[in-house]
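See structure below.
The values are calculated or read from the model by the stated rules, or taken from the named source; none is laboratory data. None of these values were measured; they are calculated from a predicted model. So basically every Cβ, Gly included, is an ideal-geometry build from the backbone, and we count neighbours across all protein chains shown.
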Amino acid sequence: MLAGASPSDDCDSQDALVQQLQVLWTAKDMEKFRTASQVGFETLEDPWVWLLDVLEDCKGNRKGNSLASYLVREMHLWIRNHPDNQPDDLNLKKLQARVFPVLIESHGSLLGPLISIYQLHTADRHFVLGHINHLCLKGRFKEAATLSIKLKLQPDLELEKMCIPLLLQNKTELAEAYVEGYPDLQKQLLQLLDTWFAPRFQIKDIEREYQCASNVKPEKFNHRTLNKMIFRLLDKYMLDPALCPNAVNQRHLATLKYLLHVRFVEKTMTQENWADHVQYILQDNQWLQKQFVQLLLRYSGSDAAATWALRYALPDGSLPYGVADAVKRRRAQERDAVLEKTPNDCEERKKDIFYQLPIPRENIFFLSTWEEMLKCKEQVLQPQQIVGIDMEWRPSFGTVGGKTRVSLVQLATRGRVFLLDVLQLLREGEQEEESPLIGFFQALFADPSITKLGYGILGDLSNLRATCAAFRGMEKELRGFLDLLTIHKQLPKSARMPRKMPQQVDAFAAGQEASGGRLPQKGLSLLVQEVLGKPLDKAEQMSNWERRPLREEQILYAASDAYCLLEIYQKLLDESEGSGCNSVLAGILSSRPSMESKAKKPPSNRASEEDSVLTLEESHTTSVPIAARDFRVVCDNMLQGLGRYLRCLGVDVWILENADEHREAAEIAKQEGRVILTSGLPYQTLRGQVGEGRCFSVTCSEKAKEQALKVLSHYNVRVTLADVFSRCQACNCNQYLKISKERMAQLMKQSGCLAGEEAPGRMAEDVEKSPEADSFELASPRPVYSPNCPWLGEPSPGAEAALPNGTPLKIEAVPAGIVSREGLECFYCCSKCGKIFWEGSHFGRVVSQFQEVLGLSEGGQSFYEQVGGKGQE
């Protein structure tokens, strides 16, 4: 207290300071408010006590933009500028005891400043833990977890007690934040989640133990959500999959079901490839082995199931009915005589049906050391060379640790094919980044005088980047690439040469007569059939390409995939000299040298040749632009966040619900002409059920915004400001009902949502930040919100709070204070579901997040020009 001042005088001065700051804050004169705050703190005898008094008086009004929140921030700043002015230990303990109730009721953004002001990190740990436990007893687990994270109390608390309620409330992000930085807790959380995958586990049993928790949503935390969270934690914290055996077993079991379907229903995988993958998954896991035998019994009968039961020496008592008898019949046979070889006559028939490699076997070189690579380097890195490029990797089928790694790169030149053992060659240096292979690829990819042929080369290069970090910068130096996928799309029907095809050999028959009709060709195999007369034999496509040594069938398949590119290219060049190709195609092809010509062109022609080479970036952006309003997709239920982002940008999005099956996406896509957006294992199934290019695989580990950017770029979708929020975020409808502010106030009063004028102290800024506000933010400079959809007229006076179709308006979701906000002229109501929107804070955020897509980035360069080379109008 100041000398000569009485306690009443001191109280009067404190009240006067509060009133002064209240006036400045209400007037939004923040500069004077900050000055008055800093000066006022100097005059107070104990600013810490004064701040607590103010916060206790402001109970219920400590939001992020309230007077109390501004005072806390100014006090925090004042203390940092006056580090010597600190309360003594005794007074500090008293203040800490008072601040906890205030802390719990304050806005989340104030926790950090209040903890710092009252030095809660120094508070007695048992005292603080008592407050945390009290919050848990009251069912306030969110507040307890948030406070624990801020004070770093997690090691002293029970993980199950803190995290299980958060998971039941669908607050998975907070549960993950709780274990951030604590490896032991991360493992405990993973093990906890895995117990929920155990047989006979019921989420209701856990729910009963936490009845005090409010807003429990166990239906939201289903097996699909649980599975995604477990494997996200595995990847994020690089944990051992052995910590979650139940979840891993379930994922492996799903993969086995898919392999059985591919082998016995689709019949698109050879016995050898199928057996390789099955053995890789089963390994020594007896539970999976038993499950597999039971599944195989349904797909292929007791004899096949008995063969695998013998292979893994499963106990007779664990075998299904009928399999045990079959095992007894086969005891005399050798246990490893499992796979039957394809008869020679079947191989001979394949030669008549499929494309055959036109070079001798001795001209195919498998290279696994740099010394062996020197022959390839000398042959490939020659000016005017033409190189066919393809890559192979082991299919992951969504299994644990199944990240794509390119295992084999095939480089074909005239008369030779080089198979590069990438995983082995990368080990040549002390570190992968120092391998000579990196320099070889850099020289090859950046040389414009070497024409590189591929088919869907973008996907191959993307997987190559994922294989080794040193490959990630190469896309900036790509020159001289020609993607035959682009040529295939441009190839006129008159230039294609479909031949009458013999009946295709069924890979499943393996020595028996081919069954049924020929499967339709697609992709590169279709192009080979159209140009060269016979399709590729894709039986080895889904091989285990990490297995060494490679089988002879794998070697021939890999060589054929690369060498056929050279033959297609030469055939199209020959055809372009006649009338078979259009002028655009002829121009693209004629700018490249013939494979037959080995003579080097004069240096004077080099510049024009480089200019004419279709680069990888150009080939990626040659598709016709699509307006956002015309782009229609169906999002798998694992990509609901991506669906909401795309819908924000005006894309017509059908989002599958959690309970929907993946196959429903294909039915919707075929019925309504939509593109399927999916990820992981479902992509392998769905892409074959729709046309080429109508199914896109998204990387689940990326955030929804990055996923949206990649989808827009891949399909060349053009988004304008008028597209932003042109669709209802709840139901996807693109028609709104425009309602005046006065009419909205009247409807709210009729429904009892607005008792009178705006409640005192309720500011427009508070409403704008409230979580229930479904609003469009207007950034500065303010973009114009103008949806490109028809606007319906206002309801007639006296009408009930409902749409003409009878759907009630969702009046209750509109905060009372918003109707009197200055500058707000009208509301927008979805004409289908009745959800109400208004200009607020969300529109500007979306515009800011996607300014590149909207062409609002610096210099006016569009998003497509930044990521794809040359954009189109």
Worksheet, complete the sentence: Taking the stretch 434-462 and keeping only residues that are polar (S, T, N, Q) and free of Cβ contacts under 8 Å to residues at least 12 places away in the same chain, one is left with Ser462
Practice prompt. For the stretch 412-421, indicate whether the set of residues that are over 34 Å from the mean Cα position of the chain (by Cα), modelled with pLDDT of 90 or more, among the aromatic types (Phe, Trp, Tyr) and within 30 Å of Phe354 (Cα to Cα) is non-empty.
Written response: yes
Discussion item. Consider the stretch 676-693. How many of its residues are in contact with a strand residue (DSSP E or B) (Cβ under 7 Å, 6 or more places away or on another chain) and buried (at least 21 other Cβ atoms within 10 Å of the Cβ)?
Written reply: 4
Worksheet item: Is it the case that Cys731 is over 27 Å from Leu482 (Cα atoms), out of contact with any Asp or Glu (no Cβ under 9 Å at 6 or more places or on another chain) and crowded, with 16+ Cβ neighbours inside 10 Å?
Response: no
Worksheet item: Right, Tyr70: closer than 30 Å to Met162 by Cα, in the same structural domain as Leu147 (by TED's automatic domain parsing) and of a type in the set (Ser, Thr, Tyr) or not?
Response: no
Discussion item. Just to be sure before I move on: is Gln191 polar (S, T, N, Q), surrounded by 14 or more Cβ atoms within 10 Å (Cβ to Cβ), in contact with a Phe, Trp or Tyr (Cβ under 6 Å, 6 or more places away or on another chain) and in a helix (DSSP H, G or I) in the structure I sent?
Written reply: no
Worksheet item: Based on what the data block shows, is Val102 at pLDDT below 85 and among the β-branched types (Val, Ile, Thr)?
Response: yes
Discussion item. Take the conditions of a type in the set (Asp, Glu), assigned to a helix (DSSP H, G or I) and either surrounded by fewer than 16 Cβ atoms within 10 Å (Cβ to Cβ) or outside the structural domain of Gly817 (by TED's automatic domain parsing) (or both) and apply them to Glu657. Does it pass?
Written reply: no
Worksheet, complete the sentence: Those residues of the stretch 531-547 that are farther than 16 Å from Asp352 by Cα and touching a residue at least 40 places away in the same chain (Cβ under 8 Å) come to a total of 8
Discussion item. With modelled with pLDDT of 50 or more and surrounded by 17 or more Cβ atoms within 10 Å (Cβ to Cβ) as the only criterion, which of Leu649, Leu614 stands out?
Written reply: Leu649
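Residues checked against (1) under 20 Å from Lys522 (Cβ atoms); (2) not basic (Lys, Arg):
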residue: Gly641; (1), (2): no, yes
residue: Leu646; (1), (2): no, yes
residue: Val651; (1), (2): no, yes
residue: Asn658; (1), (2): no, yes
residue: Lys670; (1), (2): yes, no
residue: Arg674; (1), (2): yes, no
residue: Ser679; (1), (2): no, yes
residue: Tyr683; (1), (2): yes, yes
residue: Gln689; (1), (2): yes, yes
Discussion item. For Leu259, only one of the following conditions fails: (1) of a type in the set (A, V, I, L, M, F, W, C); (2) touching a residue at least 60 places away in the same chain (Cβ under 8 Å); (3) farther than 16 Å from Gln541 by Cα. What is its number?
Written reply: (3)
Practice prompt. Just give me the residues in the stretch 691-711 being of a type outside the set (Asp, Glu), out of contact with any Gly (no Cβ under 9 Å at 6 or more places or on another chain), assigned to a loop (DSSP other than H, G, I, E, B) and over 20 Å from Gly523 (Cα atoms), in sequence order.
Written response: Thr699, Ser701
Item to complete: Quick one: which residue in Leu120, Leu151, Leu166, Leu159 is surrounded by 16 or more Cβ atoms within 10 Å (Cβ to Cβ) and more than 36 Å from the chain's Cα centre (by Cα)?
Response: Leu120
Worksheet item: Which one of Pro183, Pro155 is assigned by TED's automatic domain parsing to the domain that holds Leu120, more than 30 Å from Asn285 (Cα to Cα) and not hydrophobic (A, V, I, L, M, F, W, C)?
Response: Pro155
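Yes or no, residue by residue, for (1) within 38 Å of the chain's Cα centre (by Cα); (2) at pLDDT below 50; (3) outside the structural domain of Gly415 (by TED's automatic domain parsing):
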site: Ala510; (1), (2), (3): no, yes, yes
site: Leu532; (1), (2), (3): no, no, yes
site: Glu546; (1), (2), (3): yes, no, yes
site: Ser579; (1), (2), (3): no, yes, yes
Worksheet item: So, of the residues in the stretch 260-293 that are among the basic types (Lys, Arg) and part of a helix (DSSP H, G or I), which turns out to be surrounded by the fewest Cβ atoms within 10 Å (Cβ to Cβ)?
Response: Lys290
Worksheet, complete the sentence: Restricting the stretch 712-724 to residues that are in contact with a Gly (Cβ under 8 Å, 6 or more places away or on another chain) and buried (at least 19 other Cβ atoms within 10 Å of the Cβ), the one nearest to Ala813 (Cα to Cα) turns out to be Val724
